[in-house]
Every structure is written in C-alpha cells, then in structure tokens.
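The values are calculated or read from the model by the stated rules, or taken from the named source; none is laboratory data. A quick note: this is a predicted structure, and the numbers were derived from the prediction, not measured. A quick note on method: Cβ atoms are made from the backbone with ideal geometry, for glycine too, and the neighbour counts reach across all protein chains shown.
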Amino acid sequence: MTDVNAQRRQAAEVAHLEPIDWLLLIVPGLVWGSSFYFIAIGLESFAPGLITPMRVLFGCITLTFIPQSRRPVERAAWPMIALLSIVWMAVPLTVFPFAEQHVSSSVTGMLNGATPIFAAMVAAVIARSFPPRGQFLVLQSAPSESS
C-alpha cells in the first residue's frame with residue numbers, strides 16, 4: 001500500500017461521521033428496507049402475483065416527478081435494457097412476494113442484502129478460483145457484522 005493510500009485509510013478510520021453522513025447512510029437503508037415491510041403488508045390484502053405490478057406502477061408514478069428520468073434512451077440500448085429488466089427486476093420483484101408468504105420480511109431483506117456474497121461464491125465456483133485477498137476478507141467479515 002502506498003504512503004498516500006495509508007494516510008487516506010488512517011484519516012478515514014479516525015474521522016467522525018457528520019450529521020449529513022448519517023443521513024446519507026440511514027435514508028437509503030430505510031427506503032431499501034421498507035420495501036420488504038410494504039411487501040409483507042401488501043400480502044395481507046393482495047395476491048403475491050399482484051404485488052409486482054403494483055410495485056412497478058408505484059415506481060413509474062414516482063419517476064414521473066423526476067425530470068431526469070424521462071431522458072431519451074438510444075434505440076441500440078433497448079435490447080439490453082429489456083434483458084436487464086427481466087433478470088434484475090421482473091424475476092426478483094416477483095419472487096420476493098412469494099417468498100414472504102413463507103419467510104419473514106426481515107429474512108428476505110437480509111438474503112437480498114447477501115446477494116454480493118452469493119454472487120462471489122457462484123463466481124468462485126464457475127472460475128474455480130477464490131476472489132482476491134481483499135475481496136475475500138470483506139466477504140468473510142460481512143456476515144459477522146450483521147449478526
């Protein structure tokens with residue numbers, strides 16, 4: 001590690017979080033975590049298959065209030081956007097309500113948060129190689145921090 005990097009790391013370890021830092025940490029966590037809570041509430045009144053279209057509808061309504069979200073997208077990017085929408089949005093958004101019928105919303109949230117760990121494990125099996133040392137240490141320590 002270079003001297004500059006060592007100094008930055010040492011400064012980051014002793015720096016205290018300012019109120020804005022706490023806000024930037026807490027707000028996304030509340031927004032992300034609340035979705036699993038609202039799925040659990042929605043399951044009391046709606047079928048699991050209806051929760052996904054409702055989440056997409058509410059997301060679209062929210063995006064109408066953000067002008068930057070209405071910028072044109074190049075036509076060449078549409079096939080990849082369609083693929084990503086199925087893999088990253090349609091499948092997970094549909095699976096979570098069905099899963100929450102059998103598992104609590106907090107467990108589904110934790111499993112979703114552990115996605116990077118699962119992805120690293122699958123990648124290690126496919127590549128037949130462990131992640132680099134730094135990444136491995138972070139992945140190894142992640143479960144112990146949440147318990």
Filtered residue count, region 83-120, keeping only those that are under 11 Å from A40 (Cα atoms) and not in a helix (DSSP H, G or I):
5
Kindly indicate whether A82 is farther than 19 Å from W32 by Cα, more than 18 Å from the chain's Cα centre (by Cα) and either surrounded by 10 or more Cβ atoms within 10 Å (Cβ to Cβ) or at pLDDT 85 or above (or both).
yes
Do we have V56 as at pLDDT 85 or above, exposed (fewer than 11 other Cβ atoms within 10 Å of the Cβ), out of contact with any Cys (no Cβ under 7 Å at 6 or more places or on another chain) and in a helix (DSSP H, G or I) here?
no
Selection within region 97-145 - modelled with pLDDT under 70 and surrounded by 12 or more Cβ atoms within 10 Å (Cβ to Cβ):
Q135, F136, V138, L139, A142
Test each condition in (1) part of a helix (DSSP H, G or I); (2) over 16 Å from F38 (Cα atoms) for P131 and report the one that comes out false.
(1)
